[in-house]
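Worksheet for the structure shown next.
The values are calculated or read from the model by the stated rules, or taken from the named source; none is laboratory data. None of these values were measured; they are calculated from a predicted model. Heads up, the Cβs are rebuilt from the backbone with ideal geometry, glycines too, and the neighbour counts pull from every protein chain shown. For the accessible areas, the whole protein counts, side chains as well, though only heavy atoms, and no ligand, DNA or RNA atoms are used. Shrake-Rupley method; radii C 1.70, N 1.55, O 1.52, S 1.80 Å.
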Amino acid sequence: SSLIGPGGSQIPSSSVDIRLVKTWYQASDGNCSCNIGKYLIPELLVKDDAFVITDLSQQRSFLRATSGGTTQYIDITTVGSKVPSGAIVQDASTLQAFSMAANTNKQVWLTVQVPTGLPAGAYTGTISVSASGKPATTLSLLVTVLPFDLSPSIIEQSIYYRALLKSSCSTLDSECKTSVQMTAELIDMRDHGIRYPTIYDSRDSSLLATRLSLMKNTGLPTDKIYQLGEPLAALGVKEPPAWATLVMQWQSVASANGWGQVYTYGWDEATGATFDSQLPVFDVIHANGGKVFNAVPNAATAVRPRIEKLDVVVLYGYNMLSSTIAQVHRTNSKVFMYGDPFTDFENPERVRNHFGFGLLYKGYDGAMNYAYQDGGRHGNDAWNDFLTDAPRGTRNLEWTYPTTNGVVDTLQWEGFRKAVDDIRYASTLAARKGWTKAQLVSYLRGLPTLAENPDLIDAPTTRQKII
C-alpha cells in the first residue's frame, strides 16, 4: 500500500521497490577469493525468481536465456559453460509470483525511495502476501522520514568501470555496453552513490561524446574525468612528446563536451623501479595541464619518495593504517581506497563497514574500488563464476551482473549503498556543525562504536548516534 504520514502525506506504493534475494552457487564462500569451491550464497536481487534457478541436488545454478527464439536455462556452475552469443538475458520489470518448497524461507528486499519535500515523521502502510488457495497475510511497514536532507558525501565516490560504449554487443560482459545497457548501469551507479565512474574509452572513440552525454544526462558531475582508455602502459615511458599530445587532446575533447579536468592513469600497481620510471611522464602530463591517478598496491610505494607526483593515490586498503594515509597526505596527494574488499566478496556487512565509516575513520579522501563489473574478459562468462581467468586465476569481480537491457544488483552492492549513506550522515553532521573533514574525523575517532579495524565497527549504532 501507500505509506501514510503526517497530515495525510504519502509515500506512494510505487516508491517501494520489492526484489527477491536469489541464492545461487558461487566459487568462494563470500569472504575471500582463497576459499575456492562451490558455495551456496544469497546474492542476486531479482524481480523474477525464475530468472535464475538453483538445483540443490545437482549443486548447480541455471540462467534463463532466449536464443534464436527459444528460451532455455544455461548451466552457469560448470567450467566451460557459457551464455550463447547474442542471447537475450533479462529479468522481469515487475515483481513476479514465485514458488517455495515447504519448510524453506525466502528473503525479500525492500528499497524505499522517499519523495523529496515530505514532512518528517512516521509513515505506515501494509504489505500483502498471498498464495493460491490461502488467506492473505498482512505485514506492517513503518518508515521514519527524518527532518533533514542528507548532504553529499564529504569524500569522493568513484569506481573502476571497464565498459566501452559500442553500437551493439553480442555477449554479456564487462567490456561491451550498448547505450541502453550503459544508461541503466550509470543510473544504477548514481543511485548507489557513485559520482565519478572511470572511463575506459580512448579519446578517438567515435562514441566518446555520446558516452559523456549519457553520463551528463544521468546527473553525474562534469568537473573531472578519470580516464583509463589510454593509460601509461599504452604509450610507455619513453615518449614525452606523445604524452604531451595525448594530454592536450584529452583535455580538448573534455572541454568541447562540457567537462573539466582530465586525470590520466599511470602504470597499474607499479612498484619500485617501475614506479619511478613513470615520474618523468608525470612531469610531462602536469606540464600540459593534466593530472595523474594510479593504483598503489602497498604502503611501501605509498610513502615512496616523489609519491607527490601522483595527484590521486588509489591505495590498496587491506590492513592499511590511518598513520600511513596521514603520511601520504603530507605530500598533498589525495588518497582513495580500493580492494578492501574487492567486489568478489559477497559480504554486504564488510563492504558497508570498510567503504563507509571505515574510510572516514582512516582519513581517506575517496573510494575507487575494482570493479563495478569484471566478468567476460579472457573468454570468461559474466554469469559463470567457475571459469578460469588465466591472468588472475580466481573469480569474476562483480558488484552487479549485466543483462541485455539493464543490470542485476546484489546484496554487497546494497552494502556499498549503505556505506555511502553512512558517510552522508556524517557529512550532514559536519555541515551542521561547521566542521572541516579533519574535525569530523577527530569526532568519529572518539566514538566507541568505531575502530581502526573496520571489522569492529558498529555502523547502525554510529548512524543512530549521528542522527
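Checking S1, S28 one by one, the residue that is in contact with an Asp or Glu (Cβ under 9 Å, 6 or more places away or on another chain) and part of a loop (DSSP other than H, G, I, E, B) is S28 and no other. Picking from residues in the range 438-467 that are out of contact with any Phe, Trp or Tyr (no Cβ under 8 Å at 6 or more places or on another chain) and of a type in the set (V, I, T), the one that is most open to solvent (accessible area, probe 1.4 Å) is T461. Restricting attention to the range 111-119, does a residue exist that is open to solvent by 50 Å² or more (accessible area, probe 1.4 Å), out of contact with any Leu (no Cβ under 8 Å at 6 or more places or on another chain) and under 28 Å from G376 (Cβ atoms)? No, the range 111-119 has no match at all. Those strands (runs of 3 or more DSSP E) of the range 137-233 in which at least 3 residues are loosely packed, with under 15 Cβ neighbours inside 10 Å, considering only elements entirely within it, cover 137-145.
Pairing residues of the range 393-415 that are more than 15 Å from K47 (Cβ to Cβ) with residues that are open to solvent by 10 Å² or more (accessible area, probe 1.4 Å) and in a strand (DSSP E or B), at Cβ distances under 7 Å and at least 6 apart in sequence or on separate chains, gives L411/P42. The residues on offer are D365, D374, and the sole one that is acidic (D, E), modelled with pLDDT of 90 or more and either more than 22 Å from Y425 (Cα to Cα) or open to solvent by less than 10 Å² (accessible area, probe 1.4 Å) (or both) is D374.
Quick check on V89: is it under 29 Å from R395 (Cα atoms) and open to solvent by 60 Å² or more (accessible area, probe 1.4 Å)? No; evaluated as a whole, the condition is false for this residue. Can you tell me which residues in the range 33-58 are closer than 27 Å to G406 by Cβ and either basic (K, R) or open to solvent by 60 Å² or more (accessible area, probe 1.4 Å) (or both)? Within the range 33-58, Y39, L40, K47, I53 qualify. In the range 318-336 there is no residue that is within 18 Å of the chain's Cα centre (by Cα), under 29 Å from I41 (Cα atoms) and touching a residue at least 60 places away in the same chain (Cβ under 8 Å).
Here A97 does not qualify as within 22 Å of S15 (Cα to Cα), touching a residue at least 40 places away in the same chain (Cβ under 8 Å) and out of contact with any His (no Cβ under 8 Å at 6 or more places or on another chain).
Looking across the range 275-285, the residues that are under 16 Å from E239 (Cβ atoms) and not charged (D, E, K, R) come down to S277, Q278, L279, P280, V281, F282, V284, I285.
Condition test on V408, is it open to solvent by less than 30 Å² (accessible area, probe 1.4 Å), at pLDDT 95 or above and either assigned to a helix (DSSP H, G or I) or under 28 Å from F293 (Cα atoms) (or both)? I'd like the intermediate steps shown before the answer.
Working: open to solvent by less than 30 Å² (accessible area, probe 1.4 Å): yes; at pLDDT 95 or above: yes; either assigned to a helix (DSSP H, G or I) or under 28 Å from F293 (Cα atoms) (or both): no.
No: the conditions fail for V408.
Being surrounded by fewer than 20 Cβ atoms within 10 Å (Cβ to Cβ) and assigned to a helix (DSSP H, G or I) is a condition met by at least one residue of the range 329-340. Applying the criterion of being among the β-branched types (V, I, T) and over 15 Å from L172 (Cβ atoms) to the residues of the range 60-74, the residue that is nearest to the chain's Cα centre (by Cα) is T71. Selection of the range 12-32 for residues being without any contact (Cβ under 8 Å) to a residue 12 or more places away in the chain and open to solvent by less than 20 Å² (accessible area, probe 1.4 Å) yields an empty set.
For the range 35-111, the strands (runs of 3 or more DSSP E) that sit wholly inside it and include 1 or more residues that are closer than 18 Å to T410 by Cβ are 39-46, 52-55, 60-67.
Residues are listed down the side, and each one gets a yes or a no for (1) small (G, A, S); (2) in contact with a Pro (Cβ under 8 Å, 6 or more places away or on another chain); (3) assigned to a helix (DSSP H, G or I):
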site: A254; (1), (2), (3): yes, no, yes
site: G258; (1), (2), (3): yes, no, no
site: A270; (1), (2), (3): yes, no, no
site: D276; (1), (2), (3): no, no, yes
site: V292; (1), (2), (3): no, no, no
